[in-house]
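Just below is one structure, and these are the notes that go with it.
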Amino acid sequence: MLDRAVLEDLLAEVRLAPSVHNIQPTRWRLLGNDALLLLEDVTRRLPAADPSGHDVRLSHGAAIEGLSLALGRRGLKLAEVEPLIDAAASDGVLPVARITIAAGREPDGLADFVSARTSWRGGFRPLDQAGEAALYMFSAMVGDVQLVRGAEAIDAIARLADEAGFHFLCDDAHRAELLHWMRLSRSDPSYERDGLSAEAMAMPGVVAFGTRFVLGPLFPLLRRLGLAATLASERGKFANSAVALFHRPEGEDPLTTGRAFYRAWLMLTAQRLAACPVSVLADWPASNRQLVDRHSVPPGRRLVNVFRLGLPAGSPPGGKARLPVAELIV
């Protein structure tokens with residue numbers, strides 16, 4: 001079933017799965033014709049933004065779901081995913097899970113939307129009748145979301161997102177780490193490989209150029225002058241949007257959470273909706289708690305992420321920054 005050529009073919013699709021800051025931490029090792037080892041490239045951790053490793057593990061989960069979708073196209077399936085809890089890192093990689101492959105699966109319709117899924121960080125146009133129907137279908141299909149509508153409620157969430165984002169930007173280590181993963185110029189050798197490109201962040205050239213200074217050497221001065229929060233604001237991008245609060249059972253393994261998160265995003269894409277995760281809202285305990293309380297997230301559920309979604313006011317970016325397949329196999 002599996003050999004190097006087949007694995008490379010699979011990973012060409014699997015690598016399109018989302019990962020935190022687009023760091024792409026997942027690596028693969030072929031163990032035989034029916035087994036794979038999923039590993040983590042420990043050099044790609046985010047000690048400031050993700051000290052517990054939760055978001056990296058969630059990214060691995062998304063990759064596992066990407067593998068499941070790619071396998072389904074070929075009449076194969078995930079027979080077992082065995083987390084390796086007590087594994088130790090060696091040669092820069094940490095074993096995360098052993099995956100067994102078997103024959104006998106029908107293709108999953110969501111696989112058709114893998115290449116179309118993207119993070120839309122631009123603005124939205126007003127929802128028309130078709131857009132309203134798409135939102136209804138999405139919320140009806142995904143049991144893990146609370147859909148928030150109404151200009152007043154959305155604006156309150158937008159203000160909270162600015163507050164949460166600024167909270168993290170005021171931490172020097174967090175801000176430096178974010179800037180490290182931003183690709184603000186096409187001259188950056190990693191622009192088409194990984195990280196957050198200016199195009200993907202919907203930053204015009206002059207804005208991208210200024211961002212390196214606003215988040216870099218000028219930030220302390222701008223903060224003292226009371227200008228940093230205004231310059232970092234993305235409140236305007238919430239106009240005409242809806243918000244979806246994505247939640248999962250408390251205590252769930254992030255590998256499982258990541259799989260569900262990816263499927264939810266693909267369901268959005270299948271409805272021709274554009275979306276952007278506003279992760280700071282879930283990551284900052286203060287904003288997470290407020291959203292859970294205000295919007296009745298069910299007891300026993302954890303707010304994992306927040307989508308800003310709607311009809312894009314423009315065309316999504318064409319390409320996706322991804323590492324070559326050969327670099328994903330160790």
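Every residue in the stretch 2-31 that is assigned to a loop (DSSP other than H, G, I, E, B) and acidic (Asp, Glu), please. Before you say what the answer is, go through the steps one by one.
Start the filter on the stretch 2-31 by keeping residues that are assigned to a loop (DSSP other than H, G, I, E, B), which leaves 2-3, 15-19, 23-25.
Listed by number, the list holds a single entry, ASP3.
Among ALA102, ALA89, which is the only one that is under 17 Å from LEU7 (Cα atoms), among the aliphatic types (A, V, I, L, M) and more than 24 Å from the chain's Cα centre (by Cα)? I'd like the intermediate steps shown before the answer.
Working: ALA89 fails: under 17 Å from LEU7 (Cα atoms).
The unique qualifying residue is ALA102.
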Next item on the list: May I ask you to say which residue of ALA161, ALA156 is among the hydrophobic types (A, V, I, L, M, F, W, C) and touching a Phe, Trp or Tyr at 6+ places or on another chain (Cβ under 8 Å)?
Entry: ALA161
Margin query: Condition (residue is of a type outside the set (S, T, N, Q), surrounded by 14 or more Cβ atoms within 10 Å (Cβ to Cβ) and under 26 Å from LEU311 (Cβ atoms)) applied to the stretch 208-221: is it met by at least one residue?
Written below: yes
Next item on the list: Please specify each residue of the stretch 145-155 satisfying the condition of being within 23 Å of the chain's Cα centre (by Cα) and among the aliphatic types (A, V, I, L, M).
Entry: VAL145, LEU147, VAL148, ILE154
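Take the conditions out of contact with any Leu (no Cβ under 6 Å at 6 or more places or on another chain) and either closer than 21 Å to LEU281 by Cβ or loosely packed, with under 15 Cβ neighbours inside 10 Å (or both) and apply them to GLY205. Does it pass?
On the way: out of contact with any Leu (no Cβ under 6 Å at 6 or more places or on another chain): yes; either closer than 21 Å to LEU281 by Cβ or loosely packed, with under 15 Cβ neighbours inside 10 Å (or both): yes.
For GLY205, the condition - out of contact with any Leu (no Cβ under 6 Å at 6 or more places or on another chain) and either closer than 21 Å to LEU281 by Cβ or loosely packed, with under 15 Cβ neighbours inside 10 Å (or both) - is met.
I'd like the full set of residues that are assigned to a helix (DSSP H, G or I) and either without any contact (Cβ under 8 Å) to a residue 40 or more places away in the chain or not assigned by TED's automatic domain parsing to the domain that holds ALA79 (or both), limited to the stretch 32-66.
Step one: list which residues in the stretch 32-66 are assigned to a helix (DSSP H, G or I), which gives 42-44, 54-66.
Correct list: ARG44, VAL56.
Okay, residues lined up against (1) closer than 20 Å to THR257 by Cβ; (2) surrounded by fewer than 17 Cβ atoms within 10 Å (Cβ to Cβ):
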position	(1), (2)
SER52	yes, yes
GLU65	yes, no
LEU69	yes, no
VAL81	yes, no
LEU84	yes, yes
SER90	no, yes
Next item on the list: Consider only pairs whose beta carbons are under 8 Å apart and that are at least six residues apart or on different chains; among these, list those whose first residue lies in the stretch 1-18 and is surrounded by fewer than 19 Cβ atoms within 10 Å (Cβ to Cβ) and whose second residue is among the hydrophobic types (A, V, I, L, M, F, W, C) and part of a helix (DSSP H, G or I).
Entry: GLU8/VAL325; GLU8/ALA326; ALA12/VAL325; GLU13/LEU69; GLU13/ALA70; GLU13/ALA111
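The values are calculated or read from the model by the stated rules, or taken from the named source; none is laboratory data. Since the model is a prediction, treat every value here as computed from it, not as a measurement. When we count neighbours, we look across all protein chains shown, and the Cβ atoms used for this are built from the backbone with ideal geometry, even at glycine.
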